[in-house]
Amino acid sequence: MSAAAPGKFAVIFVFITVFMDMVGFGLIMPVLPRLIEDVSGSDLAGASIWGGWLFFAYGGMQFLFGPAIGNLSDAFGRRPVLLLSVFGLAVDYLLTAFAPSMLWLFVGRIFAGICGASYTTANAYLADITKPEDRAKVFGMMGAAFGLGFVIGPAIGGLLGEFGPRVPFFVAAGLSILNFIYGWFVLPETLAKQYRRPFSWQRSNPVGALRVFKQYRGVVPLSAVMFLYFLSTAVYPALWAFWGIAAFGWSEATVGLTLAAFGLVTAIVQGGLTGPTVRWLGEWNTVVFGLVIAVIALLGYGLAPNLLVVLILLVIHAPEGFVHPALTAIMSKEAPEDAQGELQGGIASLQSIGMLIGTVIFTQMFGWFMQPNPIIVSPNVSYFVAAAMLAGTLAYFITLKKQQPVTPR
């Protein structure tokens with residue numbers, strides 16, 4: 001039950017907030033190689049290693065603060081947490097825009113990780129106002145907001161990056177401030193006081209947030225699938241710009257436009273087709289389909305000879321976006337209404353720790369295989385490793401699916 005019936009403007013604000021989180025995440029990707037090279041004086045291989053540690057800082061903060069943000073929203077309501085997160089993002093963008101050294105780039109990524117944990121509260125907000133059977137569709141629309149953020153963020157980063165790698169962050173800061181002002185006036189609270197519970201440091205412990213999955217039947221094996229999925233797909237945000245430059249000589253604008261193209265296709269497919277696909281295939285089969293597509297896409301990128309093939313793969317790749325919302329919907333049905341924030345915090349922690357480990361693994365791997373070594377010099381190795389990891393994840397999920405009772409859709 002909600003404390004107030006949110007109007008369409010409040011729901012729009014929630015989607016804009018998630019959208020701006022993704023804008024900030026995508027914004028840095030096209031300009032990151034040049035920004036690191038300028039600040040640190042490294043070559044591309046060295047810059048990729050620095051980039052991995054920057055993502056480590058981002059993922060580490062999301063891991064540490066994801067459950068705390070979710071529990072704060074369960075204790076004090078969704079509205080104040082969402083508004084503070086939006087304001088914090090504006091601060092992050094300004095820090096990155098003015099960063100004079102690698103230290104300040106790390107400070108900016110730390111702020112981004114903390115504020116990016118607002119995704120947990122946004123999910124909980126939507127869970128408050130959505131029937132359980134409709135959550136896969138709504139989470140798919142949330143994924144569409146992510147996809148749209150990937151359209152605007154990299155496009156801004158790539159095109160405005162032509163004027164300098166810091167310029168896009170001033171634009172993002174201004175947009176975040178405008179969104180904060182908008183949300184202040186239109187966002188009502190949706191968690192009624194009788195459904196709130198006291199804030200608990202024990203529940204906010206990131207390890208404790210992972211242990212919370214044990215309270216709900218069937219969630220532990222599904223959380224393993226979620227973690228492995230995030231771990232494997234961390235290869236994209238960690239390496240796309242570095243890989244495009246190394247493999248094809250892409251400019252910042254080309255990096256941004258390829259990411260924008262993928263975001264556009266993902267937004268259309270995930271936002272418009274998640275609900276119909278789940279109704280047609282069921283949530284479990286939808287996850288299987290998405291994982292199969294994910295493996296094919298990774299192998300395809302590793303073998304792609306030119307930009308045209310990459311653009312074709314971006315379209316084929318889009319249904320992978322069904323995996324996250326369908327899995328989230330399955331897991332959300334196992335939690336009571338007063339624990340949706342906690343569950344979403346735990347899921348966010350899985351995502352963060354998967355990125356935390358995956359980005360370090362793949363960037364270090366990229367840096368090693370881009371330098372002289374006794375095995376092979378290639379920018380594609382990380383994609384093949386990620387494909388093998390996801391193939392194993394798919395096999396494990398299929399064994400879980402076979403254990404489920406057959407129910408009418």
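Some notes on this structure:
- Over 21 Å (Cα to Cα) - which of 131/401; 137/333; 137/402 fall in this group: 131/401; 137/402
- Taking packing as the residue-averaged number of other Cβ atoms within 10 angstrom, the listed peptides 103-110, 369-376 run from highest to lowest as 103-110, 369-376.
- Modelled spin-label separation between residue 184 and residue 333, with each label point placed 7 Å from Cα along the Cα-to-Cβ direction: 4.2 nm.
- Least to most buried among 250, 53, 368 (fewest other Cβ within 10 Å first): 368, 53, 250
- For 78, 279, the sequence from fewest to most other C-beta atoms within 10 Å is 279, 78.
Quick note: the coordinates plus some simple rules give every number you see, no bench work behind them. Bear in mind the structure is a predicted one, so any value in this text is a computation, not a measurement. Cβ sites come from the backbone with ideal geometry, for glycine too, and all protein chains shown count toward neighbours.
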